[in-house]
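Okay, so here's the structure we're looking at.
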Amino acid sequence: MPMTDPLKLPSYREQSREVAARFAELSRRPVVLKLRQLGREFDSAQGPIVAIDDITFDVHQRDFISVIGPSGCGKSTLIRVVAGLEAPTSGAVLIDDKPVRAPGADRGMVFQNYTLFPWLTVTKNVTFGLKMKGLSKARAKEMAVHWLGVVGLTDFADHYPAQLSGGMKQRVAIARALANEPRILLMDEPFGALDAQSRCTMQAHLLRIWESVDVTILFITHDLDEAIYLSDKIVILGAHPGRVLEVVEVPVPRQRSSEQFLSGPFLATKKRLEELIYHGSEVSDAAGLRQNYAAA
Amino acid sequence: MTGPDFPTHRTTRIVHKPRGGWFAVSKPLARGQRVVVGICAFLCPLLTWCIISYVPFVWHPSVLVRDAGDASLPGQYSFIATGERVDRAAFRSRNLELASAHKRLATGVPCNPIFLPAPHEVARAFYTAFTTAPQRTGDCWLHESLWQSCKIIFWGFIYSALLGVPLGILCGTFSLYSRLFEPFIDFIRYMPAPVFGALAVAVLGLGDEPKITIIFIGTFFQMVLVVANTTRSVDASLLQAAQTLGAKNRQLLWHVVIPAALPNLYRDMRILIGWAWTYLVVAELIGEKSGISAFLYQQQRYMHFENVYAGIVMIGIVGLATDQLLAFAGRYLFPWESGNTQLYRFAHAFRHLFSSKRSITATTRTRYAHD
């Protein structure tokens, strides 16, 4: 039975002309990351547990894609498999059509718990990947200066991570990942450990970085507002096992701002995400979508 | 738009001093309190010792005979002579003997057994032990003995660390080495180091080598296991982060595992050097006795217990001083833990001074400063 809608929200599928044009343009760009029937099982005393099952979607160049879902839907497993930190038990991860087998510098990752190297100064944290690549010290330092400028931490170049706030640490982690110039930036609930205020600041900051830098982002979160505010597309996973329920194209126009949180398209998208995540409805929709992908 | 003007009248700021009592649950003590308690930690045992030594009615189970009385009277207790320490009961019985024979009574003062000298005696021994010439010609002065002990400890520990730390790090990092070495080391670890004493002397002779070997055996096997465990406890997420930044096997070892484990390894070494002192006493008594243990052994045979105590306290002081020195150095070595970057800034300045690239770095910095 359809519920009456007191807010008179538009459909989340309704896209303004500019948004539709943007998605058309996005889909023409080269595909950076392909997930094909990706599955990952864990062994346990009670038999194998399927963490993620049959996950298939594409990420285009300079896409900002969020993966969202209830806890236990395998979001983190998914991103760890993409990063190469865990091996898939079925299916494949392809970066530029080459299968992923191990972690590598082409997939930068930002973790929830910062994971900065505490014994290195901010600058040396940022140049870590470059040093591993064998870049000269002077060149690496120049790059560090550049990327610290991008994340706005030039004044903290010689600080140790322990001397920084959570938001600053995460900015260093982003600069460190970007300095490697990865094909895709994987972010695993990067702002999950921050307080509400710094999270808002960091979201705005991340958008600015993403707009000014040529980088594709795969973003894991459980925060609906965050996902809509940041992303072009949102992949909604269902739990047990983690599978794609739907890929939503966010109808909120760019450039994003915090005023849009109460706009029609934003709320319509949020309503749809809530339906999928909290009521688990419309599974048939997802099945249809999967068929679409299989056909493509 | 300007913000509203807030009333700016001055109010007295109330400063709440942190008022931690002496018994606040899991709260640090105030600075003054910490100092007081720290002094008490040494003062209380010393005070107990003073009370036992100087208050005549506390313990004092013996009597120091000042005058043996009429020694001509034969009896069961006639062995009591002037200057001896005798049981209080024996002293009383002797006086009963003398009293019943109407002879001159023995006099004496209550005293403690010879193995518990008073604090001032030990304090004096602490000084005189250094100034007294060795009783036999050819023996070492005390400071020479102490120096000898320190050398044995140093070399034993250095050898064990040079081998044990790298091996431990390998075991903690690669499962292969862990499976290859740890079971056997675990097995040897249970053999007490002193049992190798005779063997070490037979193989290496009477010099310092067998002693150093005992210290080595005593610390090496423990060290490998402790270092391996510390290395294993390095935060796995740091390794994963490094991998996503492109670090490969050997780079992970050199650039992540070792620096991440280093501060904890340093703390391990501080604890293990204490173990080395434990094995020192055994090591120095095998073969030719030497060092501070030989001094202790000799003084104990001469019944100079004040010297024995002084020697034990010296070991304690040397150990404590070493540990405090290492702790102090640690604050400079690991600036990311202590926030003390002095050494690093000094090293940096030092490198700059002798670097030909100085001018290049300077221009780079100014260029970006104007961006």
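The values are calculated or read from the model by the stated rules, or taken from the named source; none is laboratory data. Not measured: the values here are computed from a predicted model. A quick note on method: Cβ atoms are made from the backbone with ideal geometry, for glycine too, and the neighbour counts reach across all protein chains shown.
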It is to be established whether one or more residues within region B:97-107 are under 41 Å from the mean Cα position of the chain (by Cα), buried (at least 16 other Cβ atoms within 10 Å of the Cβ) and either among the small types (Gly, Ala, Ser) or not in a loop (DSSP other than H, G, I, E, B) (or both). no
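Is it the case that some residue within region A:79-87 is more than 8 Å from every other protein chain (Cβ to nearest Cβ), in a helix (DSSP H, G or I) and free of Cβ contacts under 8 Å to residues at least 60 places away in the same chain?
Kept after step one, since they are more than 8 Å from every other protein chain (Cβ to nearest Cβ), are these residues of region A:79-87: A:79-82, A:86-87.
Still in the list and also in a helix (DSSP H, G or I): A:79-82.
Right, trim to free of Cβ contacts under 8 Å to residues at least 60 places away in the same chain and you get A:81.
The answer is yes; a qualifying residue exists.
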Among the residues of region B:240-289, what is the count of those that are more than 9 Å from every other protein chain (Cβ to nearest Cβ) and either among the small types (Gly, Ala, Ser) or assigned to a helix (DSSP H, G or I) (or both)? 31
Scanning region B:166-210 for residues that are basic (Lys, Arg) and at pLDDT 95 or above gives B:Arg179
Does region A:205-212 contain at least one residue that is closer than 24 Å to A:Gly108 by Cα, at pLDDT 90 or above and surrounded by 22 or more Cβ atoms within 10 Å (Cβ to Cβ)? yes
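Taking into account only those residues within region B:215-239 that are assigned to a helix (DSSP H, G or I) and either free of Cβ contacts under 8 Å to residues at least 12 places away in the same chain or of a type in the set (D, E, K, R) (or both), which is nearest to the other protein chains (Cβ to nearest Cβ)? Lay out the reasoning, then the answer.
Looking only at region B:215-239, we keep the residues that are assigned to a helix (DSSP H, G or I), and these are B:215-232, B:236-239.
Right, trim to either free of Cβ contacts under 8 Å to residues at least 12 places away in the same chain or of a type in the set (D, E, K, R) (or both) and you get B:232, B:236-237.
Numbers: B:Arg232: 18, B:Ala236: 10, B:Ser237: 5 Å.
Checking each candidate, the answer is B:Ser237.
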I need the full set of residues from region A:124-143 which are among the small types (Gly, Ala, Ser), more than 10 Å from chain B (Cβ to nearest Cβ) and assigned to a helix (DSSP H, G or I), in order please. A:Ala140
Sole miss for B:Gly197 among (1) away from every other protein chain (no Cβ under 14 Å); (2) within 26 Å of B:Phe334 (Cβ to Cβ); (3) of a type outside the set (A, V, I, L, M) is condition (2)
Only one of A:Thr121, A:Thr154, A:Thr115 is within 10 Å of chain B (Cβ to nearest Cβ) and on the phi > 0 side of the Ramachandran plot; which? A:Thr115
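Considering only region B:171-188, how many residues are buried (at least 16 other Cβ atoms within 10 Å of the Cβ), touching a residue at least 24 places away in the same chain (Cβ under 8 Å) and not β-branched (Val, Ile, Thr)?
Restricting attention to region B:171-188, the residues satisfying the condition of being buried (at least 16 other Cβ atoms within 10 Å of the Cβ) are B:171-173, B:177-178, B:181-182, B:185.
Adding the requirement that they be touching a residue at least 24 places away in the same chain (Cβ under 8 Å) leaves B:171-173, B:178, B:181-182, B:185.
Checking which are not β-branched (Val, Ile, Thr) leaves us with B:171-172, B:178, B:181-182.
Counting residues in region B:171-188 that are buried (at least 16 other Cβ atoms within 10 Å of the Cβ), touching a residue at least 24 places away in the same chain (Cβ under 8 Å) and not β-branched (Val, Ile, Thr) gives 5.
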Cβ pairs under 6 Å, 6+ apart, first in region A:226-253 and within 28 Å of A:Asp195 (Cα to Cα) and at pLDDT 90 or above, second part of a helix (DSSP H, G or I) and small (Gly, Ala, Ser): A:Ile234/A:Ala227
Search result, residues across region B:40-56 that are without any contact (Cβ under 8 Å) to a residue 24 or more places away in the chain and not aliphatic (A, V, I, L, M): B:Cys40, B:Phe42, B:Cys44, B:Pro45, B:Thr48
Residues satisfying the stated conditions in region B:99-118, i.e. touching a Phe, Trp or Tyr at 6+ places or on another chain (Cβ under 9 Å), hydrophobic (A, V, I, L, M, F, W, C) and more than 18 Å from B:Phe57 (Cβ to Cβ): B:Ala106, B:Ile114, B:Phe115
Quick check on region B:197-214: of everything there that is under 28 Å from the mean Cα position of the chain (by Cα) and outside any helix (DSSP H, G or I), which residue is farthest from A:Tyr114 (Cα to Cα)? B:Leu206
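Among B:Ala123, B:Ala129, which is within 27 Å of B:Trp59 (Cβ to Cβ), modelled with pLDDT of 90 or more, under 38 Å from the mean Cα position of the chain (by Cα) and surrounded by 14 or more Cβ atoms within 10 Å (Cβ to Cβ)? Before the answer, list the steps.
Working: B:Ala129 fails: modelled with pLDDT of 90 or more.
It is B:Ala123.
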Listed residues B:Arg136, B:Arg85, B:Arg92; which is free of Cβ contacts under 8 Å to residues at least 40 places away in the same chain, exposed (fewer than 15 other Cβ atoms within 10 Å of the Cβ), closer than 30 Å to B:Ser72 by Cα and basic (Lys, Arg)? B:Arg92
Kindly check whether there is at least one residue in region A:162-182 that is surrounded by fewer than 21 Cβ atoms within 10 Å (Cβ to Cβ), touching a strand residue (DSSP E or B) at 6+ places or on another chain (Cβ under 8 Å) and not small (Gly, Ala, Ser). no
